[in-house]
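Student: Handing you a structure now.
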Amino acid sequence: MIGAAALKVPVYEEIERDTTGTGEAAGVVAIVAAASALGGMGQGGAGIIAGIAGAFIGWLVWAAITLWVGTKLFGGMANLGEMLRVLGFAQSIGVIKALAFIPILGPLLGFAGSVWMLVCGVVAVRQALDFTTGKAIGTVLIGWVLMVALRLLLSFVTGGAA
């Protein structure tokens, strides 16, 4: 997790190749979700459960959308397992969200962690799809826009419950 958060390219290459590491990537997502839940304890139990479930659903959807964008629009080469692994580990810095409860500093750290997670996502995508940094940035940005659009659509369809 430290190597992934530190943007170490060899770490992402190793994660990509390790076909047995998807469970470990899911563990990273779980740790980050738990850290987020800890930081947001003031939101109540239902919010914590929804946050943890949302972390896993978001990870799966982010990986699928990113894979589609990267392979169909930018000609990258990867499979869903590779994308799940690298994007799972790209979330490592999200443990900083455990500090969200700290007045003023918490929200700033949470924002910085989210931005850093996107940077980690760019490195992860670049390594998994075996293409340039520019294509990785394009893939992550388009994927992010599609994720936001999907979230808004789901929120509209469910009356704001998504």
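Student: Return yes when VAL95 is of a type in the set (Val, Ile, Thr) and at pLDDT 90 or above and no when it is not. Show your work before the answer.
Tutor: Working: of a type in the set (Val, Ile, Thr): yes; at pLDDT 90 or above: no.
When the stated conditions are applied, VAL95 does not pass them.
Student: Name the residue, out of ALA25, ALA4, ALA30, that is part of a helix (DSSP H, G or I) and surrounded by fewer than 21 Cβ atoms within 10 Å (Cβ to Cβ).
Tutor: The unique qualifying residue is ALA30.
Student: Still on this structure, please answer the following. What are the pairs, 6+ residues apart or on separate chains, where a residue within the range 1-18 that is closer than 20 Å to ASN79 by Cβ has its Cβ under 6 Å from a residue that is among the aromatic types (Phe, Trp, Tyr) and surrounded by 14 or more Cβ atoms within 10 Å (Cβ to Cβ)?
Tutor: That search, which allows pairs on different chains as well, returns ALA4/PHE89; ILE15/PHE89.
Student: Please list, ordered by first then second residue, the pairs with beta carbon atoms under 9 Å, 6 or more apart or interchain, first in the range 51-72 and among the hydrophobic types (A, V, I, L, M, F, W, C), second not in a helix (DSSP H, G or I).
Tutor: ALA55/GLN91; TRP59/GLN91; LEU67/GLY76; LEU67/ALA78; LEU67/ASN79; VAL69/GLY76
Student: Here is a check on your reading of the model: is THR71 at pLDDT 95 or above and farther than 21 Å from GLY27 by Cβ? Please lay out each step first, then the result.
Tutor: Values: at pLDDT 95 or above: yes; farther than 21 Å from GLY27 by Cβ: yes.
Yes; evaluated as a whole, the condition is true for this residue.
Student: I'd like the full set of residues that are basic (Lys, Arg), within 16 Å of the chain's Cα centre (by Cα) and modelled with pLDDT of 95 or more, limited to the range 110-162.
Tutor: Here is the first cut: in the range 110-162, the residues basic (Lys, Arg) are 126, 135, 151.
Next cut, within 16 Å of the chain's Cα centre (by Cα) only: 126, 151.
ARG126 - this is the single residue of the range 110-162 that is basic (Lys, Arg), within 16 Å of the chain's Cα centre (by Cα) and modelled with pLDDT of 95 or more.
Student: Could you look through the range 73-116, keep only residues that are touching a Phe, Trp or Tyr at 6+ places or on another chain (Cβ under 6 Å) and β-branched (Val, Ile, Thr), and pick out the one that is surrounded by the most Cβ atoms within 10 Å (Cβ to Cβ)?
Tutor: Checked the range 73-116; the qualifying residue surrounded by the most Cβ atoms within 10 Å (Cβ to Cβ) is VAL86.
The values are calculated or read from the model by the stated rules, or taken from the named source; none is laboratory data. Being a predicted model, the structure only gives us computed values, none of them experimental. With ideal geometry, Cβ positions are generated from the backbone for all residues, glycine too; neighbour counts draw on all protein chains shown.
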